[in-house]
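To start, the structure under review is shown below, and the notes come after it.
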Amino acid sequence: MQTVIFLLLLFLIVIFSVLLFYKNRHSRVNKLNSGECPSCGSKTKIFYDENTNTTFKKEVISKRILKNHGCQGVNDIEYRCKVCGLKEVYSQSSFSNCGI
């Protein structure tokens, strides 16, 4: 009986750990896509010139596509922070890149 309870608890711990991992990863990718570094917390800076009525943006996160696997494939995207040097690679689906 103790073995069954132990295995049940271990199973629940593993399931919740996997869910927590994917939640943290998803929130990290969302921060990178919005232009905020998850490591150092720096954000995109926006400047406004009143003389010329122009808005300037200084991006903190740079994106680069490493591999493009076609219309139905997955893109490997590299995110790099210009402030702290953070470099992360994530795979994202590319369903909207099909222009047939």
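Scanning region 45-84 for residues that are polar (S, T, N, Q) and at pLDDT 85 or above yields ASN51, THR52, ASN53, THR54, THR55, SER62. For region 66-74, check the following and say yes or no: at least one residue is in contact with a Ser or Thr (Cβ under 8 Å, 6 or more places away or on another chain), β-branched (Val, Ile, Thr), in a strand (DSSP E or B) and surrounded by 13 or more Cβ atoms within 10 Å (Cβ to Cβ). Yes, some residue in region 66-74 is in contact with a Ser or Thr (Cβ under 8 Å, 6 or more places away or on another chain), β-branched (Val, Ile, Thr), in a strand (DSSP E or B) and surrounded by 13 or more Cβ atoms within 10 Å (Cβ to Cβ). The residues on offer are LYS31, LYS87, and the sole one that is at pLDDT 90 or above, within 20 Å of the chain's Cα centre (by Cα), of a type in the set (Lys, Arg) and open to solvent by less than 100 Å² (accessible area, probe 1.4 Å) is LYS31.
Taken over region 25-68, the criterion of being aliphatic (A, V, I, L, M) and touching a helix residue (DSSP H, G or I) at 6+ places or on another chain (Cβ under 7 Å) is satisfied by ILE61 alone. When region 40-54 is filtered for residues that are open to solvent by less than 100 Å² (accessible area, probe 1.4 Å) and part of a loop (DSSP other than H, G, I, E, B), the ones remaining, listed by number, are CYS40, GLY41, SER42, THR44, THR52.
The values are calculated or read from the model by the stated rules, or taken from the named source; none is laboratory data. It should be emphasised that the depicted structure is a prediction, and the values quoted were computed from it without experimental measurement. Counting neighbours? That spans all protein chains shown, and the Cβs are built from the backbone with ideal geometry, glycine included. The protein model used for the area step is the full one, side chains on, heavy atoms only, and it has no ligands, DNA or RNA in it. Shrake-Rupley method; radii C 1.70, N 1.55, O 1.52, S 1.80 Å.
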